[in-house]
Amino acid sequence: MIEKTLYIVRHGQTELNRQGIVQGRGMDTDLNDEGSKQASLFYETYKAVPFDKIYISALKRTQQSVQPFIDLGIPYQKLSGLDELAWGIHEGQPSTTQNKAAFLQIMRDWLDGRLDSKFEGGESPNEVEIREREALDVIMSHSEEKNVLICMHGRAMRLLLCILSGLPLTAMETFPHQNLVLYKVEYDGEKFEITDFNNAEHLKQQS
């Protein structure tokens, strides 16, 4: 029987996060100073956890967020299935009344169950689910890895938490998040259970 604990975090803050600009899968941005500080605070709080493996997306902001753990010599693997949802033509674009309305409409579509809706050049939640399930298969195939650290992205993380919880993707807004927030998920060999929900306590520590 495979038992496993997944520590799932969103990457630290980037400059586009700070500005409220959508990044998505096509924007390979760096952490800003605040994001680097968040990464340090997370490391200081969780460095004693005996992680067997680290899984990150193919985007460098996830690796930068967990680099202190990688520097300890913990093996890591990039899985593009953990990449952020692609927002297509809206990636990196400044917020305008027009694109705010477009985002509002696509969120309505998704929450109403139209999960194939996507922006031009982007991805739908249904498409992201396919690649996330493939990534999850890789992660769960290693029974020797008991404690696993996963660093990914906001919207993609919401979708993955739906998958793990057995909820429809329309429940994605159930899972709030901010930069470098933690969801801890325990797998008992049969089912996943979220045992730490949207934990940001580590970010409140004095650095």
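Values quoted throughout were computed directly from the atomic coordinates according to the rules given, and no laboratory measurement underlies them. These figures come from a predicted structure and were not determined experimentally. Cβ placement follows ideal geometry from the backbone for every residue including glycine, while neighbour counts extend to all protein chains displayed.
Spatially, segment 187-207 and segment 122-173 are offset by 15 Å when compared through their Cα centroids. Say the cut-off is 23 Å between C-alpha atoms; which of LYS4/LYS78; LYS53/LYS191; LYS37/LYS146 go over it? Check vs 23 Å cut-off fails for LYS37/LYS146.
Count neighbours as other Cβ atoms within 10 Å of each site's Cβ, and list the GluC sites (Glu not before Pro) in segment 33-130 that are DSSP loop with at most 15 such neighbours.
GLU120
Structural descriptor for the chain: relative contact order 33 percent, calculated from alpha carbon pairs under 8 angstrom and at least 6 residues apart.
With a 10 Å cut-off between alpha carbons and a GNM built on the chain, which of VAL49, VAL148, VAL185 moves the most? Result for the chain, Cα springs under 10 Å: VAL49 fluctuates most.
Where is the GNM fluctuation largest for the chain (alpha-carbon springs, 10 angstrom cutoff): ASP188, ASP71, ASP116? Evaluated over the chain, the most mobile residue of the options is ASP71.
Once the trypsin sites (Lys or Arg not before Pro) in DSSP loops with at most 16 neighbouring Cβ atoms within 10 Å are cut out of the chain, the longest remaining piece is 48-113.
Quick check on the chain: take the gyration tensor over C-alpha atoms, sort the square-rooted eigenvalues as a ≥ b ≥ c, and tell me if it's rounded (a/c under 1.5), prolate or oblate.
oblate
Taking each DSSP H run with n ≥ 4 as -39500 (n - 2.57) and averaging over every residue of the chain yields -11000 deg cm²/dmol at 222 nm. Ordering VAL148, GLY189, LEU41 by the projection of their Cα atoms onto the charge dipole of the chain, which places +1 on the Cβ of Lys and Arg and -1 on the Cβ of Asp and Glu, puts LEU41 at the extreme positive end.
Mind running the shape call on segment 149-204? Use the C-alpha gyration tensor, a ≥ b ≥ c as the square roots of the eigenvalues: rounded below 1.5 for a/c, prolate if a/b tops b/c, oblate otherwise. Because a/c hits 1.5 or more and a/b fails to exceed b/c, segment 149-204 counts as oblate. Here each label is just a point 7 Å from Cα along the line to Cβ, and for GLN77 and LYS37 those points are 3.6 nm apart.
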